[in-house]
C-alpha cells in the first residue's frame, strides 16, 4: 500500500491547510544557578557592584548561550565554545591579577607602617549583597569586586594614618575604577560580537528557508533557526530579569 505524501509547510500553505506550528513559541529553560552572599565595606566597592555586576553577569550569560548555539550549528562554527571561553578568561585575567598584585604590594606597606602602630579603620555603612550567578566566570567577577573593595580598604587605612596624601589616593582609586570599567566594556563588546554572529547565521538560515525546501521532515535550516530563536529568547528573558533585579 502506497504511503500518503507528507506535505511540507510551503505545500500546506499553498493548499490552504492550517499550519499548527507556533514559530514564536519557546521552551522554559531550567538553568543552574548559585546564590552568593558577600559584604562590601567601601563606598567605591558598593558603587562598582551596583553599577557593573548585572551588566557583566548578563554579558557572560549571553556569551555562554550564544557560543553554545553557534557550536550546535555544525562544522562551520566548531570550537565556538572554546574560543569564547578563552577570550572571556583573557579579559578577566588582567584586572584579577592587577588587583591581587596591588593588594600584595600595599599589604607589605601596611606591615612596615605597623611598627609605628597604625590606627584601625572601619566603615559606617557596609552593605550585604546576595547575587545569583549562572556562569563560573561570574564567580570570578565577584572575587574581583571583593578584591577591589579590599584594596580600597587598605588605601583608606594608609590615607587616614597619613601614609598617603589625597592626590596619591585619588590617582590610585581612579586607576582601579578604570580596571572595572574596561572589564565591563570588553565583555559587553564580546557579547555583542557573538550576538551579531548569531544574527548573521540566523539570516542565512532564513534565506535558505525562503529559497524553498522539499524535505518532508524538519530540515537542518528549521533546526538551526529554532536553536537561534531559543537562544535569543532566553537571553532576552534573562536581560529583563537582570534589569528588574537592578531596579
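Could you give the length gained by full extension between residue 68 and residue 200, i.e. 0.36 nm per residue of separation minus their alpha carbon distance, to one decimal place?
Fully extending the segment from residue 68 to residue 200 adds 46.0 nm.
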With a Förster distance of 35 angstrom and the Cβ-Cβ distance between residue 189 and residue 167, calculated FRET efficiency to the nearest 0.05 equals 0.60
Note: probe point = Cα of residue 26 + 7 Å toward Cβ; backbone nitrogen < 14 Å; residues of the stretch 80-119 passing the test are none
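Coordinate-derived values only; no laboratory data. Keep in mind it's a predicted model, so treat the numbers as computed, not measured. Glycine also receives a Cβ, built like all others from the backbone with ideal geometry; neighbour counts cover every protein chain displayed.
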